[in-house]
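What follows is a short report on a single structure.
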Amino acid sequence: MPFNPDFTLPATESDRSLWFVFHEGRLLIKTGDEDQLIPRTRDLDFDISPIHKQYLGTLDGLPCYAAELAHNRIVADGFAFEGLRRLFGRLEEELIWVAGRANQLVDWNQNHQFCGRCGHANEDKQDERAKICLQCSLINYPRVSPAIIVAVIKDHQILLGSNRRFKSGFYSVLAGFAEPGESLEECVAREVNEEVGIAVKNIRYFGSQPWPFPNSLMVGFIADYADGRINVDKSEIIEAAWYSAQKLPPIPPKISIARQLIDWFVDNYAMPHSGKVASKRWQAR
Ligand SMILES: [Zn+2]
């Protein structure tokens, strides 16, 4: 991976350094050149006056910075602020993930200005990515919130639901945050049961993906249907059903692990009468 994370400032600066500048969750981009959306040091010939700057590391050898702008002023001609999710597909995927890191760290910085124990101001720790209270020495690390995401399979069909939060009306695999004290596998079983009322078995790891909105780590699983009938909770999931690979509803965009799970299902279950799938079906029982 060409991104090399670090927190100590680089020895040499570059006028090509990349700046991921946020204000209220939106990223500063250059307008007018779709190939160079992320501003570089040489582009920022105006005062960006960040509230806080963090060094992220290097991407292909170029230093990367996260910064939080003090005011949502018109920064200069040729610049604009854009929501990160709206840049999916416009920005190269590598840059999306560095921007996601930056968003996550800017959010963490904003929400940890003061010590949660004694209320004194925090300072950046010099020897690691953390904040320390100079009064009581409590250390705060950037928060990462683990969440599971799971493809539940039953007889060549995948369980997809429509979540109240999905604005674009697509259907996706189920997901939910891990609770203190539970394993990720327990989380999978609990979330599926809570959201659609069914039991699952054969829970196995698929892969993971940071989801920096603002600080999730999505841990993907595949599970087999075990028992029960779909009964949606109506609070999070408003509709859920079993779908075959040939008749999928609208699904999430390519970049998400949700889509990778659905693509995995399609790759493995698209031809129900082939020998390959028959053996998988047998294995699942
Ligand atoms: Zn303190």
Completion exercise
About its Cα centre, the chain carries a charge dipole, from +1 on Lys and Arg Cβ atoms and -1 on Asp and Glu Cβ atoms, whose size in debye to the nearest 20 is 940
Problem - Å² of accessible area per residue within the chain, as computed with a 1.4 Å probe and no ligands counted - result: 53
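What does the charge count around TYR243 come to, taking other residues whose C-beta lies under 12 Å from its C-beta (Lys +1, Arg +1, Asp -1, Glu -1)?
0
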Completion exercise
Partner lysines whose C-alpha sits under 30 Å from that of LYS30, ignoring same-chain residues fewer than 8 away, are LYS53, LYS167, LYS254
Practice task
For region 95-137, would you read off the P(r) tail past 17 Å as a percentage of all alpha carbon pairs?
Solution key: 39
Completion exercise
For the chain, the accessible surface attributable to carbon and sulfur atoms (probe 1.4 angstrom, ligands and nucleic acids excluded) amounts in percent to 50
Exercise for the section: Please work out the C-alpha center-to-center distance from region 15-45 to region 168-189 and express it in whole Å. Expected result: 35
Exercise for the section: Starting from the Cα-Cα distance between LEU9 and ILE230, subtract it from 0.36 nm times their residue separation and give me the gain in nm to one decimal. Expected result: 74.3 nm
Practice task
Run a plain Debye calculation on region 173-223 (Cα atoms as equal point scatterers, no solvent) and give log10 I(q)/I(0) at q = 0.12, 0.13, 0.14, 0.24 Å⁻¹, rounded to two decimals, same order as the q list.
Solution key: -0.25, -0.30, -0.34, -0.98
Fill in the blank from the handout: The correct ranking of SER183, SER208 by accessible area at 1.4 Å, largest first, is SER208, SER183
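Please give the contour-minus-distance gain from PHE166 to GLU92: 0.36 nm per residue of separation, less the Cα-Cα distance, rounded to one decimal in nm.
So the extension gain works out to 24.3 nm.
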Handout entry: TYR141 - accessible surface, heavy atoms, 1.4 Å probe, Å² rounded to 10
Key = 120
Practice task
Quote the convex hull volume per residue of the chain, based on C-alpha atoms, as a whole number of Å³.
Solution key: 166
Exercise for the section: Give the peptides 248-257, 114-123, 91-100 in descending order of average Cβ contacts within 10 Å, highest first. Expected result: 91-100, 248-257, 114-123
Handout entry: the chain - share of DSSP beta bridges that are antiparallel (%, nearest 5)
Key = 75
Problem - Point-to-point label distance, ALA70-PHE213, nm (Cα→Cβ direction, 7 Å offset) - result: 3.2
Fill in the blank from the handout: Among GLY78, SER183, ALA99, the residue whose Cα sits farthest towards the positive end of the charge dipole of the chain (+1 at Cβ of Lys and Arg, -1 at Cβ of Asp and Glu, taken about the Cα centre) is SER183
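The values are calculated or read from the model by the stated rules, or taken from the named source; none is laboratory data. Note that the structure is predicted; figures quoted are calculated from it, not measured. In this analysis, Cβ positions are derived from the backbone assuming ideal geometry, glycine residues included, and neighbour counts consider all displayed protein chains. Heavy atoms of the whole protein, side chains included, go into the accessibility calculation; ligands, DNA and RNA do not. Shrake-Rupley method; radii C 1.70, N 1.55, O 1.52, S 1.80 Å.
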